[in-house]
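Asks: Before I ask anything, let me first share the structure, which is written out below as structure tokens.
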Amino acid sequence: GAVVSQHPSRVICKSGTSVKIECRSLDFQATTMFWYRQFPKQSLMLMATSNEGSKATYEQGVEKDKFLINHASLTLSTLTVTSAHPEDSSFYICSARDSSNTGELFFGEGSRLTVL
Amino acid sequence: AQSVSQHNHHVILSEAASLELGCNYSYGGTVNLFWYVQYPGQHLQLLLKYFSGDPLVKGIKGFEAEFIKSKFSFNLRKPSVQWSDTAEYFCAVNGGSQGNLIFGKGTKLSVKP
């Protein structure tokens, strides 16, 4: 099946620094990618929708200046957590929609961010 | 706003027991429904999906789910679980304004050998 790769899988950073997470569709093109955040024992919450070549669409309550999303190509979207704080510590998951086939969503392995 | 409810937070079963995980959604229109599984340390994987047609859907690894429109339900079942089924299970519906999936909170399944 289609593969979505997320990198890094784990990252620890100091408060105030910025962290970039990459999401790549390895064997298909994805005009749309979604970024989710998962809190412990809770569901995946959609943060934003990333569309190739255009600005991301953010969900209500998600700060677009804090969570910068770039979708510069059909196979890569990045999420940058700027000026990270401990409350940003979470599990971030991306998913990509296969543009050519059934539009099925495929998920990355997730990235666990810990902000000290 | 649409929502997905999974009734059980944690289910503990012995091997060979039968499994049924509940899932209800709140959208009254045409829906596509999904069950995903997340094994420990791994990414989400699609178990099965319902788009249309036969409301009884068969997925991978012996799982099946039944779409009951009148009950807004899409329960996941397996007649006989194995230890390797230990994982977290998420029900989802596509109903977000961006075409995204809306997820339930997940049910953790622990199967005792």
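Values quoted throughout were computed directly from the atomic coordinates according to the rules given, and no laboratory measurement underlies them. Here the structure is a predicted model, which means the values were calculated and not measured. Positions of Cβ are backbone-derived with ideal geometry, glycine not excepted, and every protein chain shown enters the neighbour counts.
Asks: Just the number, please: Stokes-Einstein D of chain B in µm²/s, Kirkwood Rh from C-alpha pairs, 37 °C, 0.692 mPa s. Don't jump to the answer; show the numbers that get you there.
Replies: On the way: Rh = 14.1 Å.
The diffusion coefficient I find is 233 µm²/s.
Asks: Could you list the GluC sites (Glu not before Pro) in segment A:1-69 that lie in coil according to DSSP, counting only those with at most 14 other Cβ atoms within 10 Å of their Cβ?
Replies: Qualifying residues, ordered by number: A:GLU63.
Asks: Also, quick follow-up: Among all the aspartates and glutamates, which ones have a C-alpha under 14 Å from A:LYS14's C-alpha, if same-chain residues fewer than 8 places away are not counted?
Replies: Within the straight-line cut-off, A:LYS14 pairs with A:GLU87, A:ASP88.
Asks: Let me ask something additional. Go through the protein assembly as shown and flag any cysteine with no other cysteine's C-beta closer than 4.7 Å, please.
Replies: Those would be A:CYS13, since no other cysteine Cβ in the protein assembly as shown comes under 4.7 Å of theirs.
Asks: In addition: May I ask you to derive the relative contact order of segment A:39-116, considering only C-alpha pairs under 8 Å and at least 6 residues apart, and to give it as an integer percent? Could you put the intermediate results ahead of the total?
Replies: On the way: 103 pairs, mean separation 16.3, N = 78.
In percent, rounded to a whole number, it is 21.
Asks: What is the Cα coordinate range of the protein assembly as shown on the first, second and third principal axes, sorted by size from largest, in whole angstrom?
Replies: Ordered largest first, the protein assembly as shown gives principal extents of 49, 36, 33 Å.
Asks: Another question about this same structure. Summarise the partner chain shielding of A:104-116 as one whole number: the mean count of Cβ atoms from other chains within 10 Å of each residue's Cβ. Don't skip to the end; give the middle numbers.
Replies: Details: counts 3, 10, 4, 7, 2, 4, 5, 0, 0, 0, 0, 0, 0.
What the average comes to for A:104-116 is 3.
Asks: If you don't mind, another one. Amide H of B:THR86 versus every other amide H placed in the peptide plane: which residues, excluding those fewer than 5 positions away on the same chain, fall under 5 Å?
Replies: B:VAL111
Asks: Pull up the cross-link candidates among the lysines for B:LYS69, meaning alpha carbon to alpha carbon under 23 Å and not fewer than 8 places away within one chain.
Replies: B:LYS49, B:LYS58, B:LYS78, B:LYS105
Asks: With 10 angstrom as the radius, rank A:THR78, A:THR31 by how many other C-beta atoms surround their C-beta, starting from the fewest. Present the calculation step by step, with values, prior to reporting the outcome.
Replies: Working: A:THR78 19, A:THR31 16.
If I rank by nearby Cβ atoms, fewest first, I get A:THR31, A:THR78.
Asks: Can you list the HN-Hα couplings for segment B:5-12, worked out from phi with the Karplus curve (6.51, -1.76, 1.60; θ = phi - 60°), rounded to whole Hz and with x for Gly and Pro?
Replies: 10, 10, 6, 9, 7, 9, 10, 10
Asks: Once the Cβ-Cβ distance between B:LYS71 and A:ALA2 is put in as r, and R0 is 25 Å, what FRET efficiency do you end up with, to the nearest 0.05? Mind dumping the intermediate values first?
Replies: Values: r = 32 Å, r/R0 = 1.30.
The computed FRET efficiency comes out at 0.15.
Asks: Contour minus end-to-end for A:SER83 and A:ASP65, with contour as 0.36 nm per residue of separation and end-to-end as the Cα-Cα distance?
Replies: On the way: separation 18, 0.36 × 18 = 6.48 nm, distance 1.00 nm.
Full-extension gain reported as 5.5 nm.
Asks: Can you give me the long-range amide H partners of B:VAL11? Hydrogens built in the peptide plane at 1.01 Å from N, cutoff under 5 Å, separation of 5 or more residues or another chain.
Replies: Correct list: B:LYS108, B:LEU109, B:SER110.
Asks: Work out, step by step, the length gained on full extension between B:TRP83 and B:HIS7: first 0.36 nm times the residue separation, then minus their alpha carbon distance; give nm to one decimal.
Replies: Values: separation 76, 0.36 × 76 = 27.36 nm, distance 2.18 nm.
Separation in residues times 0.36 nm, less the Cα-Cα distance, equals 25.2 nm.
Asks: May I ask for the net charge around B:VAL11, where only other residues with Cβ less than 11 Å from the Cβ of B:VAL11 are counted and Lys, Arg are +1 while Asp, Glu are -1?
Replies: On the way: positive: B:LYS108; negative: B:GLU20, B:ASP85, B:GLU88.
Residues close to B:VAL11 contribute a combined charge of -2.
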